[in-house]
Structure formats: C-alpha cells, structure tokens
Amino acid sequence: MTYTNPYTQNSVSSKERLHGLEGLVDIGCLGDTTGFDPDEISWATDRLGITDWEGAYNATLNSDYHVITVAPEIDIGANATFNLSPGSGKVREVLTEAARYINRIMVETDDRIVVHCAMGMERAPLTVAWYLMNEKYIGFDDAYEIIARARPIVCDRREWLDW
C-alpha cells in the first residue's frame with residue numbers, strides 16, 4: 001500500500017496515536033514518552049537512526065539518507081525492504097539479513113541510514129539492536145540502552161527472536 005499523505009494514516013498521525021495511549025495502557029516503552037514525536041529520526045549512532053513511517057517518508061526526500069523498512073505493509077519508497085514478521089519463524093534470519101545489509105551500506109557509502117517500521121517502537125529498534133549486537137559486538141542490553149536514550153518510545157521485543 002502506498003501512502004499519499006506522509007503525515008497521517010486513517011487521519012491520525014503516529015504522534016496522536018502514541019500519546020492517545022498514554023495513561024491508558026502500559027505499552028512497554030523503555031523511556032518516558034511524554035511529548036516525544038515518533039516522526040523524528042532518533043540517531044542510535046551518528047549514521048544509524050530509527051523512525052516511524054511518516055519520518056521515513058520525509059527521509060526518502062533526502063538523497064543523503066538510505067531508508068530501510070522492516071514493515072513491508074508500508075510502501076513509502078524505501079531503498080530496501082525486509083519482512084520482519086513476529087511469529088513467522090524467520091525473525092532471526094530476517095534480522096541477520098537486515099544487519100548485513102546495513103553493514104554493507106555503512107561500508108560502501110557515506111549515507112545516513114534510517115530504519116523504520118510503523119511507529120518506530122518495536123521492529124525497527126529490534127533491527128538496530130540486532131545490527132549493533134552482531135556487527136558492532138555490543139550486548140543486547142547495551143544496544144537497547146543506546147537506542148532508548150535516543151528514542152524513549154522503544155519497546156524491547158527480543159522475545160520475538162524465538163517466534
């Protein structure tokens with residue numbers, strides 16, 4: 001599905017969806033979500049960021065950004081797409097493929113890489129954590145800590161590795 005309005009889905013932005021949940025349910029975020037805008041790119045490293053689909057759409061307009069989606073149901077013209085689907089039995093395989101791809105782009109270009117999923121809370125952060133763990137040899141806990149400092153709405157979904 002291609003979205004023609006980069007700021008809303010079903011007439012509600014990611015920011016409104018996120019903040020509409022505050023106080024209603026514990027969505028498992030690792031940081032304080034108060035006032036956080038999921039559309040912004042949160043840089044886990046100087047060249048590797050995480051965002052939602054609206055932020056990723058905007059990143060596609062910048063030729064210095066290489067956009068990767070791990071939410072194939074969202075077609076915004078990303079440079080690469082990986083089908084990260086919890087429960088598929090292929091989560092580790094897809095994460096490894098995505099991490100190798102990220103590493104190749106890091107080595108072969110000077111582009112800044114933006115990884116996105118629908119909200120930038122679960123699939124994209126898990127992908128970046130897997131990259132940091134497997135390509136930069138950072139432990140999972142430390143990887144999620146780095147990511148959560150940049151993007152407090154992150155939810156630790158490492159349990160998906162066993163699905």
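For the range 141-158, check the following and say yes or no: at least one residue is closer than 26 Å to Thr60 by Cβ, over 16 Å from the mean Cα position of the chain (by Cα) and assigned to a helix (DSSP H, G or I).
no
Report the residue count in the range 55-67 for those that are assigned to a loop (DSSP other than H, G, I, E, B) and either under 13 Å from the mean Cα position of the chain (by Cα) or hydroxyl-bearing (Ser, Thr, Tyr) (or both).
Of the range 55-67, the ones assigned to a loop (DSSP other than H, G, I, E, B) are 61-64.
Subset that is either under 13 Å from the mean Cα position of the chain (by Cα) or hydroxyl-bearing (Ser, Thr, Tyr) (or both): 63.
Adding up the residues that qualify gives 1.
Kindly indicate whether Ala78 is at pLDDT 95 or above and part of a loop (DSSP other than H, G, I, E, B).
In short, yes.
With the condition kept exactly as written, say whether any residue in the range 149-161 is over 13 Å from Ile50 (Cα atoms), of a type in the set (A, V, I, L, M, F, W, C), at pLDDT 95 or above and in contact with a Lys or Arg (Cβ under 7 Å, 6 or more places away or on another chain).
no
If you go through the range 68-86 one residue at a time, do you hit one that is without any contact (Cβ under 8 Å) to a residue 40 or more places away in the chain, surrounded by 14 or more Cβ atoms within 10 Å (Cβ to Cβ), under 12 Å from the mean Cα position of the chain (by Cα) and under 17 Å from Arg157 (Cα atoms)?
Within the range 68-86, not a single residue is without any contact (Cβ under 8 Å) to a residue 40 or more places away in the chain, surrounded by 14 or more Cβ atoms within 10 Å (Cβ to Cβ), under 12 Å from the mean Cα position of the chain (by Cα) and under 17 Å from Arg157 (Cα atoms).
Got at least one residue in the range 89-101 being part of a loop (DSSP other than H, G, I, E, B) and hydroxyl-bearing (Ser, Thr, Tyr)? Walk me through how you get there before you give the answer.
As a first pass, look at the range 89-101 and keep what is part of a loop (DSSP other than H, G, I, E, B): 89-90.
Now narrow it down to the ones that are hydroxyl-bearing (Ser, Thr, Tyr): none.
There is no residue in the range 89-101 that is part of a loop (DSSP other than H, G, I, E, B) and hydroxyl-bearing (Ser, Thr, Tyr).
The values are calculated or read from the model by the stated rules, or taken from the named source; none is laboratory data. Please read these numbers as outputs of a predicted model, since none were measured by experiment. Glycine also receives a Cβ, built like all others from the backbone with ideal geometry; neighbour counts cover every protein chain displayed.
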